[in-house]
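All remarks here apply to the structure that follows.
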Amino acid sequence: MNKADFPFFQDQDIIYLDNAATTQKPQVVLDAMNEYYTQYCSNTHRGSHDLGNKATQEYEDTRKCVAEFIGAQPHELIFTKGTTESINLLASSYVKDNFNTVILSELEHHSNILPWQLHELYLEVIPVDKDLNIDLDGFEKLVRKHPNSFVALTHISNAFGIVNPVKEIISLSHKYGCKVLIDGAQALAHVPIDVKELNADFYAVSAHKAYGPTGIGALYGKYELLEKMSPYQGGGSMIDDVSFEYSTFLDPPFRFEAGTQAIAEAIGFKAALLYLKGLTSLKEHNRTLLTYAKKRLLERNDVELYTQAKNVCGNISFNIKDIHHDDIGILLSKQNIMLRTGHHCALPIMKKLAIDGTVRLSFAHYNSLDEIDKTMTALDKAVGMLR
């Protein structure tokens, strides 16, 4: 479990099952950020002194590390505040000027819906079947009807854990001249990612869902596409030349990183990925937790599950019949079990299922079967009180 690596768990008896929202941070991440602040705190890219050079080196080493982790090259990787900003950047700098139609799935997080709506782009929606899986034949009919569109799709659903067949979707999209963004916010901590093998045009990630700090993430883009994109914001660091008559900008990725970046957070991001890289049997552990949690839930006769799909990773969502999910969450919290209830920023799929939300258990490598047992005991107590 490696729980000892995480200061969060040292002095409090908490079962933390809200990892799809954010993960806890190992000591190595905190140490890396603290070292920056206490030993070489300085701005990047803007000076010739030793501290600035050290900060710049560490910052750019993170770019190399993140790029390598997802199978990209450093010059193809833009630092952002996270997946949400990555999608907004792409909407503003590329999609709004090049596409009329954006194709989404019914499983999308609001962060992969609102940016397109804000730019008044026409949305087409890929339906899902009774187990919340995308029908690839139906998807192909959609892209055939709307060729040369932009496809934006989650890799793993944050609400139900469905792992979408992104490689097949990317291949079909390219067949009809579409470009593709994959929202990898939930995938980074759970599945291997190789953007070149997937042939993704764009891929977005956040650090804080993969044992890293909040406020930092990245957008991968094929370089020939990044070169065509205009800056998302203006400020320091992203310019080649400035006058009152005109300005010119640096090549990607730097033209998209205006102002002082989240330097400490970037350095923490690198530490988190190195930590994650050193973990073993992640896939097996995740599968064990999911299988066991589902088994324990199905032992009850009052549980509503919303998918029987096998391609699920990271989380499981459910409701207890005739009891509001928020009431369950409150009573479990009183028993030191922290999990998420509500619509999980995925209202369209909740509306399709005719529910207000769910109780969601989402897992990390520091969770255990014993914690699932304790959660089920606490759930029994909560349900007993609410009945």
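Quick note: the coordinates plus some simple rules give every number you see, no bench work behind them. Quantities reported herein were computed from a predicted structural model and do not represent experimental measurements. With ideal geometry, Cβ positions are generated from the backbone for all residues, glycine too; neighbour counts draw on all protein chains shown.
In the chain, what % of DSSP beta bridges are antiparallel (nearest 5)?
Numbers: 25 of 44 bridges.
Of the beta bridges lying entirely in the chain, close to 55 percent run antiparallel.
Between THR101, THR260, THR80, where does the largest GNM mean-square fluctuation fall for the chain, given springs only between Cα atoms within less than 10 Å?
Most flexible of the set in this elastic network: THR260.
Please state the relative contact order of the chain as a whole percent: Cα pairs under 8 Å, 6+ residues apart?
Reported as a whole number, the value is 23 percent.
Would you be so kind as to identify which of GLY215, PHE79, ALA200 lies farthest towards the positive end of the dipole of the chain, taking Lys and Arg as +1 and Asp and Glu as -1 on Cβ and the Cα centre as origin?
Working it through, the farthest residue towards the positive pole turns out to be ALA200.
Starting from the Cα of LYS374, draw a straight line to each of the lysines and keep only those under 27 Å, dropping any in the same chain fewer than 8 residues away.
Cross-link targets: LYS3, LYS25, LYS209, LYS283, LYS294, LYS295, LYS310, LYS321, LYS334.
Using 0.36 nm times the number of residues separating HIS49 and GLN12, minus their current alpha carbon distance, what extension gain do you get?
9.0 nm
Could you work out how far helix 27-39 tilts from the main Cα principal axis of the chain, as a 0 to 90 degree angle to the nearest 10?
Helix 27-39 and the main axis of the chain meet at about 30 degrees.
Helix 263-277 versus the longest principal axis of the chain: what angle, 0 to 90°, nearest 10, using Cα atoms?
50
Between ASP356 and LYS381, 0.36 nm times their residue separation minus their Cα-Cα distance comes to what?
Between ASP356 and LYS381, full extension yields 6.7 nm more.
Order these by the 10 Å Cβ neighbour count, fewest first: ILE70, ILE113.
Fewest to most other Cβ atoms nearby, the residues stand as ILE113, ILE70.
Could you tell me the relative contact order of the stretch 33-103? Use alpha-carbon pairs under 8 Å, at least six residues apart, and round to a whole percent.
It rounds to 15 percent for the stretch 33-103.
Which semi-axes, in whole Å and largest first, does the equivalent ellipsoid of the chain have when worked out from the alpha carbon gyration tensor as the square roots of 5 times its eigenvalues?
36, 28, 17
Which value at 222 nm does the chain reach when only helices count, each DSSP H run of 4 or more adding -39,500 (n - 2.57), with the total divided by all residues and rounded to the nearest 500 deg cm²/dmol?
One gets -11000 deg cm²/dmol as the mean residue ellipticity at 222 nm.
Near ALA378, within a Cβ-to-Cβ distance under 14 Å, what is the net charge of the other residues, with Lys and Arg +1 and Asp and Glu -1? The partial results should precede the final answer.
On the way: positive: ARG296, ARG300, LYS334, LYS374, LYS381; negative: ASP13, ASP327, ASP370, GLU371, ASP373, ASP380.
In short, -1.
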